[in-house]
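Here the structure comes first, spelled out in C-alpha cells, and everything after it is commentary.
The numbers here are math on the coordinates, done by the rules we state, and not lab data. Everything numeric here is computed off the predicted structure, so don't read it as measured data. Backbone-built Cβ (ideal geometry, glycine too); neighbour counts: all protein chains shown.
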Amino acid sequence: GIQVEQSPPDLILQEGANSTLRCNFSDSVNNLQWFHQNPWGQLINLFYIPSGTKQNGRLSATTVATERYSLLYISSSQTTDSGVYFCAVEGAGGYNKLIFGAGTRLAVHP
Amino acid sequence: NAGVTQTPKFRVLKTGQSMTLLCAQDMNHEYMYWYRQDPGMGLRLIHYSVGEGTTAKGEVPDGYNVSRLKKQNFLLGLESAAPSQTSVYFCASSFPDTGRQFMNTEAFFGQGTRLTVV
C-alpha cells in the first residue's frame, strides 16, 4: 500500500521562527490533507491540497503531485502552533480512505 | 452546524465488557470512517462506510463491528473489550469521490473518544 513519510519527526522552535514540514508519499494520490492535532487531541483541518499551493494566514502548503511530496510552511510561529502536524493521503481502493503519516511534533517556546 | 460529533468523549471499560461508540454528522456526507490513534502514531483506519446500509473493513478491523443504519450515524462496537483496544478513537466523514475533479473530498473529524480498557 501507499507509504507516507513525514520529516522531521520532532521540531523545536523559538517563537517568531519559520519552519517547513515535509510529507513524502510513495504513489500518486487523489487527496492530500494536512492536520494539526492540538495538545488536547483535537484534529484540526489545515489544508485540503491534492495539488498546487494554498495559504491561510501564517500557514501555507504546496503539493507537487508529480514528485510525490507536500510541504507545510509555518511563518512567525506562535506557542499556539505547538502540537503534532499530520499529513494524510488517500490510500488504494478509493473512497477517500486516508493513510496518515507518523506526524511531526512541534514545540514552540516563548 | 455541529459537523462531526462523537459520543462519549471518555470511557473506561473492564476487560470483556462491551460498548458502542456513536458518531453523528450533519453535513449530509455519504462516506464515514472510524480510526484509532495509539500513542506516538498516526491514525489507522478500522472500518468505513460508503453509504447507508454499507460497511467495509479497513486496516485494523479485528475486534470491532460497525453499523450504518442511518446516513448521518456510524456506530462502532466492541463486543468483548481487550486492553489492546485502549486508544483514542476518531470518526470522520467526507463527500463521495464520484466526479472528484469537480468536488472537494475533504474529510472532517470528530473530537475523539478516549477509551481505556483495564
Legend entry - Length-normalised contact order for chain A - Cα pairs under 8 Å, 6+ apart - percent: 37
Inset, instruction - Calculate I(q)/I(0) for chain B by the Debye formula, one identical point scatterer on each C-alpha and no solvent, and give its log10 at q = 0.10, 0.16, 0.20 Å⁻¹ to two decimals. - result: -0.28, -0.70, -1.07
Inset, instruction - Using 0.36 nm per residue of separation minus the Cα-Cα distance, give me the extension gain between A:THR66 and A:GLN42 in nm, one decimal. - result: 5.5 nm
Inset, instruction - Calculate, in nm to one decimal, what B:GLU106 and B:ASN28 gain on full extension: separation in residues at 0.36 nm each, minus their alpha carbon distance. - result: 26.7 nm
Inset, instruction - State, to one decimal in nm, how far the label point of A:ASP10 lies from the label point of B:LYS71, with both points 7 Å from Cα in the Cβ direction. - result: 4.7
Inset, instruction - Could you tell me whether segment A:32-110 comes out rounded, prolate or oblate from its Cα gyration tensor? Rule is a ≥ b ≥ c as square roots of the eigenvalues, rounded for a/c under 1.5, then prolate if a/b exceeds b/c, otherwise oblate. - result: oblate
Legend entry - Global size of the protein assembly as shown as Cα Rg and Dmax, reported in angstrom: 17.5, 51
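Which whole-number percent gives the relative contact order of chain B, counting Cα pairs below 8 Å spaced six or more residues apart?
Reported relative contact order: 34 percent.
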Inset, instruction - Note down the net charge around B:ALA56, summing +1 for each Lys or Arg and -1 for each Asp or Glu among other residues with Cβ under 11 Å from its Cβ. - result: +3
Inset, instruction - Go ahead and run the numbers for FRET between A:TYR73 and B:PHE10, Cβ-Cβ distance against an R0 of 45 Å, rounding to 0.05. - result: 0.80
Legend entry - Which listed pairs, of B:LYS14/B:LYS57; B:LYS14/B:LYS70; A:LYS97/B:LYS70; A:LYS54/A:LYS97; B:LYS9/B:LYS57; B:LYS9/B:LYS70, have C-alpha distances above 28 Å, in listed order: B:LYS14/B:LYS70
Legend entry - Residues of segment A:68-110 with amide N under 20 Å of the 7 Å Cα→Cβ point at B:LYS57: A:91-100
